[in-house]
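Just below is one structure, and these are the notes that go with it.
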Amino acid sequence: MITRAEILDIKSLATKQGREELGAFIAEGEKLVGEIRNSSLRIRRILQTKPIFSDGEIISEKEMERISQLKSSNSTLAVVEIPHYNLTEAKPDKNLVLALDRVQNPGNLGTIIRLADWFGITDIVCSVDSADCFNPKVIQATMGAIIRVRVHYTDLPQWLESQRDRGVNIYGTFLDGKNIYKSEKGSCGVIVMGNEGQGISPECEKSVTHRLYIPPYPTDNPGSESLNVAIATAITCSEFRRE
């Protein structure tokens, strides 16, 4: 049995304000909850409609429907404590780091976190006006990658400027950039990906030291106006790892 007050608290985690007030987020699905149980993240509570995990509480399917953020509720939901990371853990002088400038679509952010995990990028630095990585839609889209990838929020233009001043290579994609397939790329540095509709902001652009371009095919007859930011991130990360 779950009380009405507890249901309201869990439902409030659908909003950024609710997550900030309670310091927690929702993870749904037996596979995802199982992965979190075996990670360093701290689970406050597991609710389930059938006995799956020994430390879970049984609730009715109707109660699960009330607290679930999915269109079709799952059998398992966990309330997980939001982890806190130190930005100094991101070391672009030694590793590749992704920087997201105003990426606001939760699906795109979740996919990018999943891509970072696939390509061995453990830190993503986001502008404060990017989507919240603990949004339920983002969590589901990461397919568990949120466990292994640290997502930081900061004044991105200022952080990029500080990294450039330290001699770190800052890469960004632009229409006037050099062909990414023919450009020299390093095994460390920052890769900046911009907003879905506006690209990289002028404030962040001024710190970019290497301007890259993903050309269409054929190059003299482009089709779509631009690439989805998650797809562009996949291509860019793949090219860096190919080096």
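Laboratory data are not the source of any read-out in this text; all were calculated from the coordinates shown. Keep in mind the model is a prediction, meaning the values are calculated, not measured. Every residue, glycine as well, gets a Cβ built from its backbone with ideal geometry; the counts of neighbours run over all protein chains shown.
Some notes on this structure:
- A DSSP coil position with no more than 13 other Cβ atoms inside 10 Å describes the following chymotrypsin sites (Phe, Trp or Tyr not before Pro) in the stretch 46-125: TYR85.
- Each DSSP beta bridge with both residues in the stretch 134-222 is either parallel or antiparallel, and the antiparallel ones are about 10%.
- Looking at the chain alone, DSSP beta bridges between its own residues are antiparallel in about 30 percent of cases.
- Approximate spin-label separation ASP55-THR154, in nm, with each point projected 7 Å along Cα-to-Cβ: 3.2
- Helix-derived mean residue ellipticity, 222 nm - over the chain, DSSP H n ≥ 4, -39500 (n - 2.57), to 500: -9000 deg cm²/dmol
- Degrees between helix 229-242 axis and first principal axis of the chain (Cα, 0 to 90, nearest 10): 60
- When the chain is treated as a GNM with alpha-carbon contacts under 10 Å, the residue of THR219, THR76, THR233 showing the greatest mean-square fluctuation is THR219.
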